[in-house]
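Engineer: Got a structure for you, written out below as structure tokens; questions coming shortly.
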Amino acid sequence: MSRSHSLFRACFLGMAGLVWAMVPAQINAQDFAKTLGQVAVMEAGRIKPLDTVARHEVKQIYGRETIKLTGVDGSVSKWGPVAAFIDWQMPNRDDFWDNQPFILTEFVPLKEKLLAESIREALKAAAADASTEAAAKSALETLVKDEIITHDSLKNLLATAKLPAAHQSVLESFSKKLDVGSKWMTPKDLETSKVIVDGRSLEFKDWFRNLVGKKNGGGMGGTPTKLTEVENRAYETGGRLVHYTGIRDRTGLGKSPIFTVMPRPSSDAYLKFTSQALKKAIDGQETAMTPMERDAAEALDRYFEDIPKSDRAMPGTKPDFDKKYSIWLSGKSPWIPLNTIMEADDAELASAGFAADKAKAMREAFRKMEAEAQESKTGEISNPTALSFSAAARQLGEGVGVYPSVASLARETHFNSFAPFFQAPTIYGAGLFFLLFCLVFTGIGEKSGGLFAKLGKATYLVGMAAFIGGIAIEIYGFYLRIMISGWAPVTNMYETVIWVALVTAVLGLALELIYRKIYAATAATGVALMATLLAANVSLLDPEIRSLQPVLRSNYWLTIHVLTIVSSYAAFALALGLGLLATGYYLTATYRRSPGFVQLIAPALAGLPIGLFGYLSVTGKAGEFVTSETGYYISFLTALAGMMLVVASVSSILGELIARALFRSYEAAGVVNMAVEFDEESAEAESLQSAQAEGLKHANAAGTTAVMEPPSKVVKSKAANLVDQIRKSSTQAMEPTSPRERSMMNTAAKIKPLSTFIYRAMQVGVLLVAAGTILGGVWADYSWGRFWGWDPKEVWALIVLLVYLVPLHGRFAGWVNTFGLVASSVVCFMSVMMAWYGVNFVLGVGLHSYGFVEGGSQGVVMTAIAAVCAVVGGAWWRRHLGQKVTA
Amino acid sequence: MAKPTKTAVFNETNTAPELVPTPAVQRQSVARGVYRFLASLKLAVFSLSSLSALLAYATFFESWYGTEAARAYVYRSPIFYIVNCLLFTNIFCAATIRYPWKKTQIGFVITHLGLLTLIVGSFISQKFTDDGQVGLSEGESSRQLIRTQQPVIRVRVPEKSDAGETVALQEYELDIKPGVFPWKPGRTEKVTRPNDPFQFEVVGFLPEAQPKFAHESIADGLPMIDAHLLINAPNQIEAQDILSDSVGRWLKADARFGRVAQNAGPATIAFQYISKDDSEVAEKVADFLNPPKITTPDGTARLHYLDKTGKKRTFDWVVDGKPRKETLPDSDLTVEFLPSKEGEIVLRMPTRLSENGGPGGNDILFNATGEAEIGIVRFKISKGDNPGSDHYGWPDLVQAPSLVPGDASKGATQLARVSYLRPRAPGSFGYVEVLGTGDGKLYYRVFGREGFRKAAELKKGETIEAFSGGGGMAGKLRVDDFLPSGSEKLTYVPANLPVGQKGNGLPAIQCKMTVAGTTKDFWVRRSPDLKPLYQPVRIGTDLYEVAYDVDRMDLDFEIKLVNFEAGVDPGTEQASSFESQIELTDSKEKVQSKPITISMNNPLIWRGYTFYQSNYIPATDESGRRTGDFISVFQVRHDRVWGITYMGSLIIVIGIFLQFYMRSGAFKGRSTKSEVSKTAAQSSSKRPRVESTL
């Protein structure tokens, strides 16, 4: 009774928390930025609010969405993405921005390379200065000769040598720039920086251009070359600089403008304008063309590329062509950049089919924005001016073509600022925190009751509230995302990850509501936290809403097939979460005997040298062991195996320590004084048992001891077990006889429902993955003419199904006991990882290249998976030792 | 309930065979034991595991060697069939051994029945399904299915009339199954029958081939060098070889002038060859290393003559356009410079015969000089009081005779040899010349913008700083090989495709074709589009045509691509949709030009054939600009047994559904009937089973 009440309360709290979270977080009340953020632009084939573009660009350049600058006086100013994006391109504001460190350049060796020449010059200047002391001079001259001038060496010099004040301050500023703490460089630093590459002195932008060529194979059909670490970082930083200068100079990136604000007119006037522009281009008067004319001619040119020569015509000459071209213009043509409109004059805009007064209003509004930005020292624009620009743009845009509604733009900016999927980890995290405490408190409360039991209840309530809040915020996020993109949110890796988080949470909640055990909720929260955390932080997972591949543009199939498959991953993920929770219990369980630490440490003793050997050969420190790719992989796997042994051993030792501490409390508690909570718990465990799958029940019934032991021990332990049973049933006693047995029983009572949940989750997963695979076949048959084509993604979906069928059948066969089920829930998840991530990043990119760190960070993922499996191994090792009958 | 003993026995033995062996068990025949084993869950676990492992291996195999390899070596391998058979038998026995089925087992039985159907269906469809491709450009029609997985060699043999004229080509289709891996050296396969008019042998196969030229010395070949011009553009770190591409082209001098010149971006490189037979090799080499000084825009001519004592002498004539007459030192040779008939100093001669340069060596002069127009100087040289004859000085072309051959036949004699050097066009950054002589020696000289720069002997593999400075531009010359008489032959080498594109390369075969005792060894590669590309092969006097093609299956109907449209997201290259409008003509079904649209997720199904839009290729012109025309590629599949697969799937879904809702009765029977376990379960349900759970 009290539990269902508390769940209601948790729901209520969760909702309340969500409402609280939905109050938009205010960053630096820049109202004009908020207004301008809702101006519609077209980028990467989609119409979106400027807010989205600005966030993307600023994040690309600065690394975060909000720029934080520290002034000379130590004052801190913050720039929201839109404010920065707008201010960058305002006239004369480059004086300010070019000298602000905001181009992300984190990698210290790169900074050293970029600044080396400037520092050398400064050092030489200081050495050449007559007022510099002789001792300092020689120190300066030695430093100049250093191949790499590091932050430390420069700092050392400044601390020891006495330099004239002017030089001191110059060098100090360099020292500051080299510091690990300064992650950003100014555009000016980068643009003026000279680097020595292969003995040649190059400007940074030329170096960058070379790197682009190198990475893309030189553009002459050559093969792409792998860049070194420094080159890679320079490539990234160069890209950031190019983005910034593209915005600053209003040139965009190559051929793609960034700030395209206006739909293209499709009226007869525009066709006439286009044909005049085209005539100019044909007559070779290209230099005499206005930006607007060039833009119109380019749009036509783009259209020409898609239609055969015979269909091409000068606009205004063939009605049939005009009709088709107008349709393309209004629906499929790229928008016109703001800069093009600003560079045109009113008359020209009118001749291109824009309403003259509206065009004038918009241009004036923008001019006013420019003027205001220039006048104010901080680049601030008043909100009314921004409002008038945004309104004028809307009026002009609505007049010429399809312009998005205020609501749809507002929805997306809200989605951006509210960022439900970025908030979800915090909420799930809070949930997990409280639920784990609840587990501990109730665990203690079982024995001591009183305060801990109450604390357990309270934390349960809060944890569940956060859990439900997390689900609610994700559902809300998905609602927004679907409204924005227009299709089911499972079209890329990022979306599948957050979707798995949601489905796992919902499944967990369902189990929780049915069975009222805290385990399902805890495991689901853990999985959801993990997934949302990864989605928010792994750069591989791109949260951008992008356009879709043609084959996916079938909402019906996409929804049915992909949702089913991805939901099956969620079910398996829940099983994994539960399995890990159960593994935790196994690790800390009391067994028939307490294994000695010497035995527990044995795997680590074996694993250390193996792992060390593997590690040394991978890193090349062990000499020239690894010369071939195969050698590299073998070394990597050796290192991994060693690490797994160590992790297993360490986790088993930690488990043993906790188990001994817990066991002591049992010993202290004695035989009596059973907590009320515990009775409830065990009663529930029993009712649960009857609700369990029949197979499970049976498997746990007679004969299971035999099942879990190797055949040679069967007879012996079977006999022991029978004696044990007879003794127990004859006494009819509920209370265990010894503290050890009670402790064992207590853990068993916890693991039992967990194993039921795992079993259920696996069943749901198998059902979903089977259905999803078959549906995929039907879709493939329908759209590709074949039901099954042995495509790796298809095959891996099938493997997932087969792999999970193994423990499910194995359990019936008696080969898989409860521990086996728990372990398989973790181990089998590797097949899901492979189907989900591996097909794209291991099979796709290739085990072939030395690609463990590139692209999908295969090495990191493999290590993480291995570590998790190793913990299960540790649990097994401890259990194996603990169950050995000593006497 | 009908056969309680049997069920009980099965269950007992299945859970724990070691336990309480009843006499019934001991009396079971071997066959029964096998049956039980085949129906056992343990076998299920084993076959599921091995199938998963095999499939997982297959996907890795595919990423290493390509889709076709995975198909040939895993999915169609005996072991794959064996594992599937095992699984099939296991499922079958597991279902039958439980007969008669109880109500609760319905779900289980149906699921496993569905699985059986699916496995059978997959097997049949793998055996009896046809698939292929149709690629059409707009306006084109086809009634052929192309089966890319079944290569054939097509040979066209000329049929001769009695007069020996070729009247027709007889086509032979030769089947070959080269597999998916490159052939090991030494493997050969004869693909013709003994009484075919020619013998055809395949001696090499590359599944993914890229062209490469092979060079070897032959008796009557052309002089050629493997030259590399490594240029560093300003601010470019890595030097680029602007001469050799991945195919490895060499500079081949032509037979007439022994010279070739190639404009390569900022510089021009020329290769001149002087054969051993040339009587003036030494003079020409000296001339090359020590060119005349250029002081006027029209250059300097060098006259080689014999003085009164019979000694070889040279005289440098600065061409300044002034008509003058001079007697060569120590000789009785009088030289008079003659301007052109139009009054220009030099005779201007275009090197290209056609505007764009025709094929087949029409532009020998252009190929030899690398210039669109050359200027020729003319001298009238007379000896004593003889009237004398016109001598010409050709720029760069040292093999060109100074005396017009026609004049020589009329009795005129060559009194001096004229070589002529003009300043280079001002746009050219550098002009590098390599001279090779019949005895295998190499020389080089470099002209920069300012004129002659340096000259010396060149050793193979030696890198020469050809030019440097000047805005950071630097150029290096290296000649790796020199064949005074060599041949260039097109061969193929394995293409190293990136992972993920494995299997997308074009295969090539090396073959030997023998006609009437003459054997020719050559390579043929499949064409990148889906049309057969015939390669001419000359054997004796006859021209044969050979193509490495794929099997083509005739369809009963015709499809014509009327229009193809590709939509992209505005302002991007990302395709948003593509669709083909086709017309279907099938006389059998009395359908004439029926308009149909095929697009993604919307295939055409006609008489059992499914045409789905798989790909499209935008056509481009020479400059790489898209022409707006497209080739639309359809994947075609003819699956006669699709119904079985669908039925199997449907049954499985129903089965799983039932199992879920009926709580999987498959394993229930034994637990409810086993009295021992029942009591044990009851007794143990009182308290958590510590041992079993932990």
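Engineer: Applying the selection to region A:119-161, what residues are within 38 Å of the chain's Cα centre (by Cα) and surrounded by fewer than 17 Cβ atoms within 10 Å (Cβ to Cβ)?
Structural biologist: A:Ile148, A:Thr150, A:Asp152, A:Ser153, A:Lys155
Engineer: How do the strands (runs of 3 or more DSSP E) wholly within region B:271-353 filter down when requiring 1 or more residues that are touching a residue at least 60 places away in the same chain (Cβ under 8 Å): which remain? Spell out the reasoning first.
Structural biologist: Working: elements: B:300-306, B:312-318, B:325-327, B:333-338, B:347-350.
Strands (runs of 3 or more DSSP E) meeting the threshold: B:300-306, B:312-318, B:333-338.
Engineer: Same structure again: Quick check on this structure: which one of A:Ala386, A:Ala373, A:Ala410 is in contact (Cβ under 8 Å) with a residue 60 or more places away in the chain and open to solvent by 20 Å² or more (accessible area, probe 1.4 Å)?
Structural biologist: On the way: A:Ala386 fails: open to solvent by 20 Å² or more (accessible area, probe 1.4 Å); A:Ala373 fails: open to solvent by 20 Å² or more (accessible area, probe 1.4 Å).
Exactly one of A:Ala386, A:Ala373, A:Ala410 is in contact (Cβ under 8 Å) with a residue 60 or more places away in the chain and open to solvent by 20 Å² or more (accessible area, probe 1.4 Å), namely A:Ala410.
Conditions (1) within 38 Å of the chain's Cα centre (by Cα); (2) assigned to a loop (DSSP other than H, G, I, E, B), marked per residue:
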position: A:Thr251; (1), (2): yes, yes
position: A:Leu271; (1), (2): no, no
position: A:Gln276; (1), (2): no, no
position: A:Lys280; (1), (2): no, no
position: A:Met314; (1), (2): no, yes
position: A:Leu329; (1), (2): yes, no
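Engineer: Also: Take A:Ala523 and tell me if it is under 17 Å from the mean Cα position of the chain (by Cα), open to solvent by less than 20 Å² (accessible area, probe 1.4 Å) and within 27 Å of A:Thr459 (Cα to Cα). Spell out the reasoning first.
Structural biologist: Numbers: under 17 Å from the mean Cα position of the chain (by Cα): no; open to solvent by less than 20 Å² (accessible area, probe 1.4 Å): yes; within 27 Å of A:Thr459 (Cα to Cα): yes.
No, not satisfied.
Engineer: A follow-up question, please. Given the criterion at pLDDT below 85 and β-branched (Val, Ile, Thr), identify the matching residue among A:Val803, A:Val853, A:Val827, A:Val832.
Structural biologist: Details: A:Val803 fails: at pLDDT below 85; A:Val827 fails: at pLDDT below 85; A:Val832 fails: at pLDDT below 85.
Being at pLDDT below 85 and β-branched (Val, Ile, Thr) holds for just one of A:Val803, A:Val853, A:Val827, A:Val832, which is A:Val853.
Engineer: Can you pull out the helices (runs of 4 or more DSSP H) entirely within region A:123-242 that have at least 3 residues that are at negative phi and within 14 Å of chain B (Cβ to nearest Cβ)? Steps first, please.
Structural biologist: Details: elements: A:134-145, A:151-160, A:165-178, A:187-192, A:204-215.
Here the list reads A:204-215.
Engineer: Applying the selection to region A:783-802, what residues are more than 7 Å from chain B (Cβ to nearest Cβ) and in a helix (DSSP H, G or I)? Can you show your working first?
Structural biologist: Within region A:783-802, the subset more than 7 Å from chain B (Cβ to nearest Cβ) is A:789, A:791, A:793-794, A:797, A:800-801.
Listed by number, the residues that qualify are A:Lys793, A:Glu794, A:Ala797, A:Val800, A:Leu801.
Engineer: Then there is this: Within region B:559-577, is even one residue crowded, with 17+ Cβ neighbours inside 10 Å, more than 14 Å from chain A (Cβ to nearest Cβ), of a type outside the set (Ser, Thr, Tyr) and in a strand (DSSP E or B)?
Structural biologist: Within region B:559-577, one or more residues are crowded, with 17+ Cβ neighbours inside 10 Å, more than 14 Å from chain A (Cβ to nearest Cβ), of a type outside the set (Ser, Thr, Tyr) and in a strand (DSSP E or B).
Engineer: Out of the residues in region B:382-403 that are open to solvent by 40 Å² or more (accessible area, probe 1.4 Å) and part of a strand (DSSP E or B), state the one that is farthest from B:Arg348 (Cα to Cα).
Structural biologist: Top of the filtered list is B:Lys383.
Engineer: Report, by residue number, each residue of region B:626-670 that is in contact with a Pro (Cβ under 9 Å, 6 or more places away or on another chain), modelled with pLDDT under 80 and closer than 30 Å to B:Phe557 by Cα.
Structural biologist: Correct list: B:Thr627, B:Gly628.
Engineer: Moving on. Which of the strands (runs of 3 or more DSSP E) found entirely inside region B:587-633 contain at least 2 residues meeting this: open to solvent by 30 Å² or more (accessible area, probe 1.4 Å) and within 11 Å of chain A (Cβ to nearest Cβ)? First the steps, then the outcome.
Structural biologist: Numbers: elements: B:591-599, B:604-606, B:609-620.
Because the criterion is at least 2 residues that are open to solvent by 30 Å² or more (accessible area, probe 1.4 Å) and within 11 Å of chain A (Cβ to nearest Cβ), the strands (runs of 3 or more DSSP E) in region B:587-633 that meet it are B:609-620.
Engineer: Identify, please: which residue in region A:613-645 is surrounded by fewer than 16 Cβ atoms within 10 Å (Cβ to Cβ) and in a helix (DSSP H, G or I) and is, among those, modelled with the lowest pLDDT? Lay out the reasoning, then the answer.
Structural biologist: First, pick out the residues of region A:613-645 that are surrounded by fewer than 16 Cβ atoms within 10 Å (Cβ to Cβ): A:619-624, A:627-631, A:637.
Subset that is in a helix (DSSP H, G or I): A:619, A:629-631, A:637.
On the way: A:Thr619: 72, A:Glu629: 69, A:Thr630: 74, A:Gly631: 76, A:Leu637: 87.
Out of the qualifying residues, it is A:Glu629.
Engineer: Let me ask something else about it. Give the number of residues within region A:560-586 that are more than 30 Å from A:Leu654 (Cα to Cα), crowded, with 24+ Cβ neighbours inside 10 Å and either within 14 Å of chain B (Cβ to nearest Cβ) or of a type in the set (Lys, Arg) (or both).
Structural biologist: Residues that pass the stated criteria total 1.
Engineer: Looking at region B:337-351, which of its residues are open to solvent by 60 Å² or more (accessible area, probe 1.4 Å) and at pLDDT 80 or above? Can you show your working first?
Structural biologist: If we filter region B:337-351 for residues that are open to solvent by 60 Å² or more (accessible area, probe 1.4 Å), which is where we start, we get B:341-342, B:344, B:348-350.
Passing the criteria: B:Arg348, B:Met349, B:Pro350.
Engineer: Could you look through region B:151-203, keep only residues that are assigned to a strand (DSSP E or B) and basic (Lys, Arg), and pick out the one that is modelled with the lowest pLDDT?
Structural biologist: B:Lys160
Yes/no per residue for (1) farther than 22 Å from B:Thr314 by Cα; (2) out of contact with any Phe, Trp or Tyr (no Cβ under 9 Å at 6 or more places or on another chain); (3) surrounded by fewer than 22 Cβ atoms within 10 Å (Cβ to Cβ); (4) β-branched (Val, Ile, Thr):
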| residue | (1), (2), (3), (4) |
| --- | --- |
| B:Lys410 | yes, yes, yes, no |
| B:Thr413 | no, yes, yes, yes |
| B:Ala416 | no, no, no, no |
| B:Ser419 | no, no, no, no |
| B:Pro423 | no, no, yes, no |
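Engineer: Given B:Thr111, B:Thr104, B:Thr129, B:Thr148, which one is modelled with pLDDT of 85 or more and either hydroxyl-bearing (Ser, Thr, Tyr) or under 30 Å from A:His809 (Cα atoms) (or both)?
Structural biologist: Of B:Thr111, B:Thr104, B:Thr129, B:Thr148, the one residue that is modelled with pLDDT of 85 or more and either hydroxyl-bearing (Ser, Thr, Tyr) or under 30 Å from A:His809 (Cα atoms) (or both) is B:Thr111.
Engineer: Can you name the residue in region A:803-819 that is open to solvent by 10 Å² or more (accessible area, probe 1.4 Å) and free of Cβ contacts under 8 Å to residues at least 12 places away in the same chain and is also nearest to the other protein chains (Cβ to nearest Cβ) among such residues?
Structural biologist: Across region A:803-819, the extreme among qualifying residues is A:His809.
Engineer: Right, something else. Of all residues in region A:527-552, how many are within 15 Å of A:Gln423 (Cα to Cα) and either in contact with an Asp or Glu (Cβ under 6 Å, 6 or more places away or on another chain) or outside any loop (DSSP other than H, G, I, E, B) (or both)?
Structural biologist: 10
The values are calculated or read from the model by the stated rules, or taken from the named source; none is laboratory data. This one's a predicted model, so the numbers in the text were calculated from it and none came from an experiment. Neighbour counts are summed over all protein chains in view; Cβ atoms, including those assigned to glycine, are modelled from backbone coordinates with ideal geometry. In case anyone asks, the SASA skips ligands and DNA or RNA and just uses the protein heavy atoms, side chains included. Shrake-Rupley method; radii C 1.70, N 1.55, O 1.52, S 1.80 Å.
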